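Beneath this line is the structure, given in structure tokens, with notes to follow.
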Amino acid sequence: MTDERRSNMGMSLFIPYRYTEDKMFRAVQEAGFDDWTLTQCRVLQRIARDGSRLTDLAEQAQMSKQSAGVLVDQLERMGYVRRIPDPSDGRARLIVLESRGKQAVEVAMATLDEIHAQWKAHLGARNFALLQELLDQLREITDPYAR
């Protein structure tokens, strides 16, 4: 491999991400969740299991609070999410997944499992496990929202 092709590691990480995102979004649409956009999905995917505050979603999605609020409003009208009082702070609200949102996430996760199985078959179990381990290590220093 030439130095030019080898040197763009960021693109080498981005291409599999976009492949994954595209396959998951198409699978969700084909399952009947075809009333939303990829941008809305990118916000929804960041909602924590026990709910997230709008400011956190906006920060993680790298957008303004106002833009994230518009997207959450749209998702709420479509029945994917709802706002509830934050039990830790009565002034704040959490965005949580509704049943429709949880169903869409289930489809997306099943698709992700299929993608991982494909990659594991292509790379071999050992290399796939190594790739996952290395990416987890990189996430420690690149993802301030890793949990």
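Seen from all directions on average, the range 98-147 presents a Cα convex hull projection of 4.4 nm². Rounded to two decimals, the Cα radius of gyration of the range 14-147 over 2.2 N^0.38 Å is 1.15. Of 52, 12, 64, the residue with the greatest mean-square motion in the GNM of the chain, using alpha carbon springs below 10 Å, is 12.
Annotation: average projected area of the range 55-111 is 4.6 square nanometres, based on the convex hull of Cα atoms across all directions. Of 75, 54, 134, the residue with the greatest mean-square motion in the GNM of the chain, using alpha carbon springs below 10 Å, is 134.
Counting only alpha carbon atoms, the long axis of helix 99-123 and the longest principal axis of the chain meet at about 10°. With Cα atoms defining each centre, the range 92-123 and the range 124-144 are spaced 19 Å apart in the structure.
Candidate cross-link partners of residue 120 among the lysines, defined by an alpha-carbon separation under 27 Å and a same-chain spacing of 8 or more, comprise 23, 102. Give me the angle, in degrees from 0 to 90, between the Cα long axis of helix 65-77 and the longest principal axis of the Cα atoms of the chain, rounded to the nearest 10. The angle comes out near 80 degrees. Every helix of 4 or more DSSP H residues in the chain counts as -39500 (n - 2.57), and over all residues that averages to -21000 deg cm²/dmol at 222 nm. Against the main long axis of the alpha-carbon atoms of the chain, helix 9-30 sits at an angle near 50°.
Close amide H pairs (under 5 Å, H built 1.01 Å from N) link residue 94 with 84, 86, residues at least 5 positions away or on another chain. Our Cα-only numbers for the range 1-92 put the radius of gyration and Dmax at 16.9, 58 Å.
Readers should treat all values here as calculations from the given coordinates under stated rules, not as data from a laboratory. Note that this is a predicted model, so its numbers are computed, not measured.
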